[in-house]
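Asker: Mind looking over this structure? Questions follow.
The values are calculated or read from the model by the stated rules, or taken from the named source; none is laboratory data. Because the structure is predicted, anything quoted here is derived from the model rather than measured. Here the Cβ is made from the backbone with ideal geometry for all residues, glycine too, and neighbour counts use every protein chain on show.
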Amino acid sequence: MRIVSLVPSVTEALCMLGLGADLVAVTDYCIHPADVVKDKTRIGGTKNPDLNAIDALRPDLVIANSDEQRTETLEALEELGVEILVTETDSLDDVEETWLQLGRATGREEAAERERRRIVAARRSVAEKQGQAEPFATLVPVWKNPWMAAGGGTYLGDLLAACGFRNILEDVPVKWARIVLTTDRQDAQVVEKGPAAGQKVHPLPEPPEVVLLPSEPYAFQDDDRDAFTILGVTRERARLVDGEALTWWLSRTAEALDRFGGLASLLREA
């Protein structure tokens, strides 16, 4: 089977299913597993893949994602007549279903079901460990200059909710919202900007207890932890975290549940 993957975490997931040799091309951002992808044909970024190069490879299957790829890219791929699987991954349930979709599309149903069950087991384990503990009110910045943070309906928000963290922007009707930090914590703002919301500005819903600063898509540094003291968040609770663990749905989900569930437990003990 000749497969083109347009999603870094899907590339890694396909290798987990034993399909590394079937991958004929990947994006520039597909970096794991390094020993497999180092010699693969590169077809550009996730937002601007080289459609002519993909067509020339005559793939049996192209795997994309509704968030990673632009609508016009997906439409162009369909016009080329290639078989395309467009994944939807806004929640842990979506991730479980995506494993099954990959299994069916590639004939690796048994291996995919094993991976799905790992997530089921991890979800059960983290739920038992969290028990009835009150979740931490949490802000998850994803960019700086301007500050952007995870809003509502995101995979990372659902993942963190399972682990004992409550995204304070979960009710914001855009996935990625701009936040404005000021010298007065009462004046901090959220700017909603998107097709559905237009542009709205309103106060931060509540002050966070915890801020999680991932290493991607923006590589936050240690001194970025100080930016949130104006919101009353100490450096100890402004944590630098592994961005791949937080955002690489599918291939990293089971391990991420354990990792962030452990972080919540650690913060409660501090």
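Asker: Filter segment 85-111 down to residues that are more than 19 Å from the chain's Cα centre (by Cα), outside any helix (DSSP H, G or I) and buried (at least 19 other Cβ atoms within 10 Å of the Cβ), then give me how many there are. Talk me through it step by step, then tell me what you get.
Answerer: First, pick out the residues of segment 85-111 that are more than 19 Å from the chain's Cα centre (by Cα): 103-111.
Now restrict to residues that are outside any helix (DSSP H, G or I): 107-108.
Adding the requirement that they be buried (at least 19 other Cβ atoms within 10 Å of the Cβ) leaves 108.
Qualifying residue count for the region: 1.
Asker: Working only within segment 73-102, note down all residues that are out of contact with any strand residue (DSSP E or B) (no Cβ under 8 Å at 6 or more places or on another chain) and closer than 15 Å to ALA53 by Cα.
Answerer: Of everything in segment 73-102, those that are out of contact with any strand residue (DSSP E or B) (no Cβ under 8 Å at 6 or more places or on another chain) and closer than 15 Å to ALA53 by Cα turn out to be ALA76, GLU79, LEU80, GLY81.
Asker: While we're looking at this one, here's another question. Could you list all residues from segment 27-45 that are under 17 Å from VAL82 (Cβ atoms) and either touching a Pro at 6+ places or on another chain (Cβ under 8 Å) or in contact (Cβ under 8 Å) with a residue 24 or more places away in the chain (or both)?
Answerer: Those that are under 17 Å from VAL82 (Cβ atoms) and either touching a Pro at 6+ places or on another chain (Cβ under 8 Å) or in contact (Cβ under 8 Å) with a residue 24 or more places away in the chain (or both): THR27, ILE43.
Asker: Out of the residues in segment 119-143 that are free of Cβ contacts under 8 Å to residues at least 24 places away in the same chain and assigned to a loop (DSSP other than H, G, I, E, B), state the one that is surrounded by the most Cβ atoms within 10 Å (Cβ to Cβ).
Answerer: For segment 119-143, the residue satisfying everything is GLU134.
Asker: To continue, here is another question. Checking ARG58 against (1) over 23 Å from the mean Cα position of the chain (by Cα); (2) crowded, with 22+ Cβ neighbours inside 10 Å; (3) part of a loop (DSSP other than H, G, I, E, B): exactly one of these is not met. Which one?
Answerer: Evaluating ARG58 over (1) over 23 Å from the mean Cα position of the chain (by Cα); (2) crowded, with 22+ Cβ neighbours inside 10 Å; (3) part of a loop (DSSP other than H, G, I, E, B) leaves (2) as the failure.
Asker: Can you pull out every residue in segment 144-181 that is part of a loop (DSSP other than H, G, I, E, B) and aromatic (Phe, Trp, Tyr)?
Answerer: Keep residues of segment 144-181 that are part of a loop (DSSP other than H, G, I, E, B), which gives 144-147, 151-154, 164, 168-175, 181.
Residue satisfying the conditions is TRP147 alone.
Asker: Could you identify the single residue in GLY81, GLY20 that is of a type in the set (Gly, Ala, Ser), closer than 20 Å to ARG252 by Cα and surrounded by fewer than 20 Cβ atoms within 10 Å (Cβ to Cβ)?
Answerer: Among GLY81, GLY20, only GLY20 is of a type in the set (Gly, Ala, Ser), closer than 20 Å to ARG252 by Cα and surrounded by fewer than 20 Cβ atoms within 10 Å (Cβ to Cβ).
Asker: List the pairs whose first member sits in segment 1-17 and is over 17 Å from GLU244 (Cα atoms), whose second member is surrounded by fewer than 23 Cβ atoms within 10 Å (Cβ to Cβ) and acidic (Asp, Glu), and whose Cβ atoms are under 6 Å apart, counting only residues at least 6 apart or on separate chains?
Answerer: MET1/ASP22; MET1/ASP60; ARG2/ASP60; ILE3/ASP22
Asker: Same structure, new question: If I go through segment 7-52 residue by residue, how many of them are over 19 Å from ARG108 (Cα atoms), aliphatic (A, V, I, L, M) and either outside the structural domain of GLU75 (by TED's automatic domain parsing) or part of a helix (DSSP H, G or I) (or both)?
Answerer: Within segment 7-52, residues that are over 19 Å from ARG108 (Cα atoms), aliphatic (A, V, I, L, M) and either outside the structural domain of GLU75 (by TED's automatic domain parsing) or part of a helix (DSSP H, G or I) (or both) number 3.
Asker: Go through segment 30-53 and give me each residue that's crowded, with 17+ Cβ neighbours inside 10 Å, over 17 Å from GLU72 (Cβ atoms) and among the hydroxyl-bearing types (Ser, Thr, Tyr).
Answerer: Of everything in segment 30-53, nothing turns out to be crowded, with 17+ Cβ neighbours inside 10 Å, over 17 Å from GLU72 (Cβ atoms) and among the hydroxyl-bearing types (Ser, Thr, Tyr).
Asker: Pairs needed: first member in segment 218-231, more than 12 Å from ASP242 (Cα to Cα); second member anywhere, assigned to a helix (DSSP H, G or I) and of a type in the set (Lys, Arg); C-beta distance under 6 Å; at least 6 residues apart or different chains.
Answerer: Listed pairs, sorted by first residue: ARG225/ARG235; ILE230/ARG185; LEU231/ARG185.
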